[in-house]
Amino acid sequence: MRMESEHSRQIETPADLAPYIFPNEHIINIEYFPETPTDRLPSGLRELYRLARARIDNQLYNFDPPLASLALEAEQSQSPDIHRYEALFGRDSLRVAMDLISLFPELTRATLVKLAENQGVETNASREEEPGRIPHEIRSADDPFAHELTAKYGWGWPYYGSIDATPQFVRTFFAYSNRNPDFPRQHYTGRDGTEHTMLEAFESATNWLLQRVNNNPEGLLESKTAIPEGIKNQVWKDSWDAYFHKDGRLANHDQGVASVEVQRLAYDTLLDAAQFYDQRLDQPEKAAVAREAAAKLKKSIFDHFWTDDQGGYFVLGTDRDETGALRQLKVRTSNMGHLLYSRLLADNDPRTATMREALVQQLFSPEMLTPSGIRTLASDEVRFRPGAYHNGSVWLWDTYYIAKGLRKQKYFHLGDLLSERLFNDVNTTHTYAEFFRGDNSPVPTLNNRIVEVWDETYQQINRIEQPPQQVQAWSVAAILALKHYNRKSYGQPKHPPTDFEKQILAQVAAQEANLRP
């Protein structure tokens, strides 16, 4: 912890940062990082092999679950910040495993088995462990960052503080088992020291999810840390200031917080589980329980996460007031784009169609679309900063997932537009960066500094800028998956753009013309 005297010390604000420093903040630290010279983009396959510690055995590659990130091989800096996420994260590894399931099925298998081996078997608050819960972060006993986090926050290991890793595990299990019917019978040794099958891991994770949503008044999958220094936002956007109201007030973390893309994930997971119980296990009663929970969740998403404000959009999420009543976190974020790759918006009901088109219009608005991709936070929202980790930057995997959703909804040309920007991001910077700046620069740019401010209102240091991880597993997987998609679709007849797509594409062309000098 810094001493209070250090908090009162102020550093002169650079001109480019001045518009993004709030009245209750002052800068206390700026640290610049030199760029790592790279004359070309490293091979995506080579980077994946490094992340997954690939080994050749009998002319076949064996994989470990992928690390969340690595530094470029040319990197000479010893700064701990570029090595902070060289560990196994449940959410990250499962996202990679799902994106590359067709290309590298053995990587998917290795990831599922490793996470099953570390699946929660008891209730332990220091780890936020619960039976069936999939860990957020697994670090070895000699990892210096594990020691740091334990000393600072009291975390035990593995640490289970995520709300989305468990449903993502169920979805990935379902997808892999459809391709490999014998997989549910595979054995592993769990944290309890006894032998289990992967089917048991699936059922335990599904029971965790069902218990969570069935015990919630609205059937939502909410998160709330069980320990004072646990992760407050137990989702992808886990920055402490990433969940807030329209006026900038932070979400109430004393009650549950529900993120919109997590509800989408939970909904699709429940449908997958129901199908597995029906078709593979011949257990219609369990299937009915999962479908009932999914139906309740879908109604809650449409009732509580949609607003007609500003042309209509799905809000970031919900929190609760002191009486427990739901409140919308009414800000526009990239999170809503994840609903496009879901069965939530699959029907042709007039209301659903209106929501779907309004959502796409928001994503391609000048406030959300940049030359690098989709901003995590719209540029006219109070907490927007172009270099912020989750409040304005562009994440490659996030935009990739939105592009997949656009194609699922048959907006092929809009999906291709985003894909082209992602290829340009990596080809320009010669990195598979974690995120890009969310400014309107015509050339993709990366943060090259750490900027920390003291937030007087919340009495907390806020790191409002930091360099991205140089080789992010999500980014590598997204580019490899996009290349695979392009190969599969090569030579296939092109779908002509719909009238709606033509309208959006014309708007984008006008936006780009306004950005040119």
Filter result for the condition that a residue is assigned to a helix (DSSP H, G or I) and closer than 18 Å to ARG212 by Cα, over PRO167, PRO135: PRO167
What number of residues in region 464-492 are of a type outside the set (Gly, Ala, Ser) and within 23 Å of SER239 (Cα to Cα)? 11
Based on this model, can you work out whether ALA146 counts as farther than 20 Å from LEU281 by Cα, aliphatic (A, V, I, L, M), surrounded by fewer than 16 Cβ atoms within 10 Å (Cβ to Cβ) and out of contact with any Cys (no Cβ under 7 Å at 6 or more places or on another chain)? no
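Which of the following residues is out of contact with any Pro (no Cβ under 8 Å at 6 or more places or on another chain), closer than 28 Å to PRO181 by Cα, of a type in the set (Asp, Glu) and without any contact (Cβ under 8 Å) to a residue 60 or more places away in the chain: ASP272, ASP282, ASP309, ASP278? Full working, then the answer.
Details: ASP272 fails: without any contact (Cβ under 8 Å) to a residue 60 or more places away in the chain; ASP309 fails: closer than 28 Å to PRO181 by Cα; ASP278 fails: out of contact with any Pro (no Cβ under 8 Å at 6 or more places or on another chain).
Testing whether each residue is out of contact with any Pro (no Cβ under 8 Å at 6 or more places or on another chain), closer than 28 Å to PRO181 by Cα, of a type in the set (Asp, Glu) and without any contact (Cβ under 8 Å) to a residue 60 or more places away in the chain leaves just ASP282.
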Here are some conditions: (1) touching a strand residue (DSSP E or B) at 6+ places or on another chain (Cβ under 8 Å); (2) surrounded by fewer than 24 Cβ atoms within 10 Å (Cβ to Cβ); (3) over 21 Å from VAL235 (Cα atoms). GLU367 meets all but one. Which one does it not meet? (1)
Filtered residues of region 292-350 (kept if more than 20 Å from VAL213 (Cβ to Cβ) and either assigned to a loop (DSSP other than H, G, I, E, B) or in contact with a Cys (Cβ under 7 Å, 6 or more places away or on another chain) (or both)): ASP308, GLY312, ASP321, GLU322, THR323, LYS330, VAL331, ARG332, ALA346, ASP347, ASN348, ASP349
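When you check ILE11 against the structure, is it surrounded by fewer than 18 Cβ atoms within 10 Å (Cβ to Cβ), among the β-branched types (Val, Ile, Thr) and in a loop (DSSP other than H, G, I, E, B), yes or no?
Working: surrounded by fewer than 18 Cβ atoms within 10 Å (Cβ to Cβ): yes; among the β-branched types (Val, Ile, Thr): yes; in a loop (DSSP other than H, G, I, E, B): yes.
It is true that ILE11 is surrounded by fewer than 18 Cβ atoms within 10 Å (Cβ to Cβ), among the β-branched types (Val, Ile, Thr) and in a loop (DSSP other than H, G, I, E, B).
Anything in region 138-164 that is among the hydroxyl-bearing types (Ser, Thr, Tyr) and part of a helix (DSSP H, G or I)? List them, or say none.
The first filter runs over region 138-164 and keeps only residues among the hydroxyl-bearing types (Ser, Thr, Tyr), leaving 140, 150, 153, 159-160, 162.
Matches in region 138-164: THR150, TYR153.
Quick check: anything in region 177-199 part of a helix (DSSP H, G or I), in contact with a Pro (Cβ under 8 Å, 6 or more places away or on another chain), surrounded by 13 or more Cβ atoms within 10 Å (Cβ to Cβ) and hydrophobic (A, V, I, L, M, F, W, C)? Give the derivation first.
Applying the first criterion (part of a helix (DSSP H, G or I)) to region 177-199 yields 177-179, 183-185, 198-199.
Right, trim to in contact with a Pro (Cβ under 8 Å, 6 or more places away or on another chain) and you get 177, 179, 198-199.
The next check asks that each one be surrounded by 13 or more Cβ atoms within 10 Å (Cβ to Cβ); those that pass are 177, 198-199.
Checking the rest, the ones that are also hydrophobic (A, V, I, L, M, F, W, C) come to 198-199.
Looking through region 177-199, at least one residue is part of a helix (DSSP H, G or I), in contact with a Pro (Cβ under 8 Å, 6 or more places away or on another chain), surrounded by 13 or more Cβ atoms within 10 Å (Cβ to Cβ) and hydrophobic (A, V, I, L, M, F, W, C).
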Of those in region 121-143 that are under 23 Å from the mean Cα position of the chain (by Cα) and touching a residue at least 60 places away in the same chain (Cβ under 8 Å), the residue surrounded by the fewest Cβ atoms within 10 Å (Cβ to Cβ) is GLU130
Mind checking which residues of region 447-476 are within 17 Å of ILE82 (Cα to Cα) and among the hydrophobic types (A, V, I, L, M, F, W, C)? ILE450, VAL451, ILE464, VAL471, ALA473, TRP474, VAL476
Residue selected from region 400-439 under the condition touching a residue at least 60 places away in the same chain (Cβ under 8 Å) and surrounded by fewer than 17 Cβ atoms within 10 Å (Cβ to Cβ), by the criterion nearest to SER379 (Cα to Cα): ASN427
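When only residues in region 182-197 that are out of contact with any strand residue (DSSP E or B) (no Cβ under 7 Å at 6 or more places or on another chain) and in contact (Cβ under 8 Å) with a residue 12 or more places away in the chain count, which is nearest to VAL113 (Cα to Cα)?
Pass one, region 182-197, residues out of contact with any strand residue (DSSP E or B) (no Cβ under 7 Å at 6 or more places or on another chain): 182-183, 191-194.
Next cut, in contact (Cβ under 8 Å) with a residue 12 or more places away in the chain only: 183, 191-192.
Details: PHE183: 10, ARG191: 12, ASP192: 15 Å.
So the residue we want is PHE183.
Give me the residue from region 328-348 that is of a type in the set (Lys, Arg) and touching a strand residue (DSSP E or B) at 6+ places or on another chain (Cβ under 8 Å) and, out of that set, surrounded by the fewest Cβ atoms within 10 Å (Cβ to Cβ). Steps first, please.
Filtering region 328-348 down to residues of a type in the set (Lys, Arg) leaves 330, 332, 343.
So of that shortlist, the ones also touching a strand residue (DSSP E or B) at 6+ places or on another chain (Cβ under 8 Å) come out as 330, 332.
Working: LYS330: 18, ARG332: 28.
Here the residue is LYS330.
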Flagged in region 386-399 as crowded, with 24+ Cβ neighbours inside 10 Å and either assigned to a helix (DSSP H, G or I) or of a type in the set (Ser, Thr, Tyr) (or both), in numbering order, are SER393, LEU396, TRP397, ASP398, THR399
Can you name every residue in region 188-231 that is under 22 Å from TRP474 (Cβ atoms) and not aliphatic (A, V, I, L, M)? SER223
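Here is a yes/no grid of residues against (1) at negative phi; (2) in contact with an Asp or Glu (Cβ under 7 Å, 6 or more places away or on another chain); (3) of a type in the set (Asp, Glu); (4) surrounded by 14 or more Cβ atoms within 10 Å (Cβ to Cβ):
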| position | (1), (2), (3), (4) |
| --- | --- |
| LYS299 | yes, no, no, no |
| GLY312 | no, no, no, yes |
| THR323 | yes, no, no, no |
| LEU326 | yes, yes, no, yes |
| LEU359 | yes, no, no, yes |
| GLN362 | yes, no, no, yes |
Return the pairs, sorted by first residue and then second, in which the second residue is buried (at least 16 other Cβ atoms within 10 Å of the Cβ) and among the basic types (Lys, Arg), the first residue lies in region 217-230 and is within 16 Å of SER162 (Cβ to Cβ), the beta carbons are less than 8 Å apart, and the residues are 6+ apart or on different chains. LEU221/ARG212; GLU222/ARG212; THR225/LYS232
(1) modelled with pLDDT under 95; (2) part of a helix (DSSP H, G or I): which one isn't true of THR206, the others all being true? (1)
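When you check GLU218 against the structure, is it in contact with a Gly (Cβ under 6 Å, 6 or more places away or on another chain) and within 28 Å of ALA295 (Cβ to Cβ), yes or no?
Details: in contact with a Gly (Cβ under 6 Å, 6 or more places away or on another chain): no; within 28 Å of ALA295 (Cβ to Cβ): yes.
Spelling it out, it is not the case that GLU218 is in contact with a Gly (Cβ under 6 Å, 6 or more places away or on another chain) and within 28 Å of ALA295 (Cβ to Cβ).
The values are calculated or read from the model by the stated rules, or taken from the named source; none is laboratory data. These figures come from a predicted structure and were not determined experimentally. Cβ: placed from backbone, ideal geometry, glycine included. Neighbour counts: every protein chain shown.
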